[in-house]
Amino acid sequence: MIRVDGVARTFGDVSVLDDIDLRVDPGEFVAVVGPNGAGKTTLLRTINGLLDPDEGEVALDGDRLSDLSSRAVSRRLATVPQDTHVGFSFRAEEIIEMGRTPHRSRLDWSDDGEPVEAALERTETTHLRDRRVDDLSGGERQRVLLARALAQEPDALLLDEPTASLDINHQIRVLNLVADLVEEGRAALAAIHDLDLAARFCDRLVLLYDGTIAARGRPETVLRDSRLADAFDTETAVTHNPVTGTPTVAALSERPDRDSHVHVAGGGKPGVAAVRSLWRAGFEVTVGPVPTGDAAGELCQQLGIEVTTAPAFQRPDDALEEAVANARKADTVVVTDGPGSQFVAEATETSAQVRTDARKSVAARVDGGQVDDSGVALVTAVLDQIGDGSDSSHLGKNTLHK
């Protein structure tokens, strides 16, 4: 168990950590998230004893860190650093064998290679064992240092940006491995910059901002738009990832300001795509009717967009009346092939409309002209429909990105 009580740390006149309380139990994977300079690395270096706190204390399994020798700390706690640089040209296997040092006495260096072999296998680095570490890529060195940490056979792991040098394939593999180690009873605390990965793999998140804990708890309680806007100084949209079942965070570019109202009829994936493209292009957007719990409806709630919902599998009479009123006030209506669209399409068939057909992967104007299925194409079709002569060439740059 890792316990941090009232820890504070300054560098000169700059307060980097202030009154930090934290606990990570065996069988728990906790991520420290926050912007650059929030104090994440300083916190990890204080926990592993590389830095002494100015105030407060750190404890491992109930024993104060200050009362333990460095060897005793290393038997209980292993660290995977963010910096993968190694000063000498060791072979990868020699680096991993260094993880056994806390378990060896000065007089007994007998072979205990089983933990090293297990670490090589679990990190999928066996093929790297005889290569010089300075010949490895950053991602390969990262995995070798993780193998060294596993060879220590610790009760707890500290990981500082463990996926920073990895491609997406190895990001998932490494975090799956850490999750497996946690299931075996270890405690893991990681500084992770990717909020989506942190939400997907970690039991709890700790949002560190300006040296203090701004929020803590389950990912869905920590990752809120208002909190992230304050911490990262940018607008975000937090939505539900239907594949992983966890929150996903998108940082939003600055939106242009268009004096035009577009109503989107229909939900599901087509509705999500239309809403996202039109909202980021600066239109006033209304949506509906969509079924309760629909993905497009959830996106609208995150973006503060007016949306009309109705129970699934029922004709949405009351909701339809409200949605049709919004549609008739709009400059144009985008009719998707998502749930609920047919009702508005029928009720507003004489209104200006832009239709999208995801099944054909095109966005089609009602006059029969077709454009490719992209955000720029849809927005251009809408601008043409409402007679807005604005240049839309910048829309490809005004992207919604992770």
Checklist outcome for this item: Inside the range 65-85, the number of residues satisfying the requirement of being assigned to a loop (DSSP other than H, G, I, E, B), out of contact with any helix residue (DSSP H, G or I) (no Cβ under 6 Å at 6 or more places or on another chain) and not charged (D, E, K, R) is 5
Item to check | Residues of the range 178-200 satisfying the condition of being surrounded by fewer than 19 Cβ atoms within 10 Å (Cβ to Cβ), under 24 Å from residue 62 (Cβ atoms) and among the charged types (D, E, K, R) | outcome: 183, 184
Checklist entry - Does the range 145-167 contain any residue that is within 23 Å of the chain's Cα centre (by Cα), crowded, with 20+ Cβ neighbours inside 10 Å and assigned to a helix (DSSP H, G or I)? => result yes
Next on the checklist: Among the residues that make up the range 68-75, is at least one of them loosely packed, with under 14 Cβ neighbours inside 10 Å, basic (Lys, Arg) and more than 33 Å from the chain's Cα centre (by Cα)?
Outcome noted: yes
Item to check | Test: residue in the range 164-182 that is in the same structural domain as residue 75 (by TED's automatic domain parsing), under 16 Å from residue 36 (Cα atoms), modelled with pLDDT under 95 and hydrophobic (A, V, I, L, M, F, W, C) | outcome: yes
Checklist entry - When you scan the range 1-50 for strands (runs of 3 or more DSSP E) that lie fully inside it, which ones turn up with 3 or more residues that are out of contact with any helix residue (DSSP H, G or I) (no Cβ under 7 Å at 6 or more places or on another chain) and surrounded by 15 or more Cβ atoms within 10 Å (Cβ to Cβ)? => result 2-11, 14-24
Next on the checklist: When you scan the range 160-180, do you find a residue that is in contact with a Leu (Cβ under 6 Å, 6 or more places away or on another chain) and touching a residue at least 60 places away in the same chain (Cβ under 8 Å), even just one?
Outcome noted: yes
Next on the checklist: Suppose we keep only residues that are more than 14 Å from the chain's Cα centre (by Cα) and not charged (D, E, K, R) within the range 192-220. Which one would you say is nearest to residue 30 (Cα to Cα)?
Outcome noted: 217
Checklist outcome for this item: Residue hits (the range 216-251; buried (at least 19 other Cβ atoms within 10 Å of the Cβ) and closer than 17 Å to residue 21 by Cβ) are 222
Next on the checklist: For the range 131-144, which positions are surrounded by fewer than 20 Cβ atoms within 10 Å (Cβ to Cβ) and in contact with a His (Cβ under 8 Å, 6 or more places away or on another chain)?
Outcome noted: 139
Next on the checklist: Among the numbered criteria (1) aliphatic (A, V, I, L, M); (2) over 28 Å from the mean Cα position of the chain (by Cα); (3) at pLDDT 95 or above, which one does residue 32 miss?
Outcome noted: (2)
Checklist entry - From the list 274, 198, 214, which one is in a strand (DSSP E or B), among the aliphatic types (A, V, I, L, M) and either out of contact with any His (no Cβ under 7 Å at 6 or more places or on another chain) or in the same structural domain as residue 162 (by TED's automatic domain parsing) (or both)? => result 214
Next on the checklist: Return the pair list, or none, for Cβ contacts closer than 6 Å from residues in the range 1-25 that are closer than 18 Å to residue 36 by Cα to residues that are part of a strand (DSSP E or B) and polar (S, T, N, Q), at least 6 apart or on different chains.
Outcome noted: 18/212
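The values are calculated or read from the model by the stated rules, or taken from the named source; none is laboratory data. Bear in mind that the values here come from a model prediction, so they are computed numbers and not experimental data. No Cβ is skipped: glycine too gets one built from the backbone with ideal geometry, and neighbour counts run over all protein chains shown.
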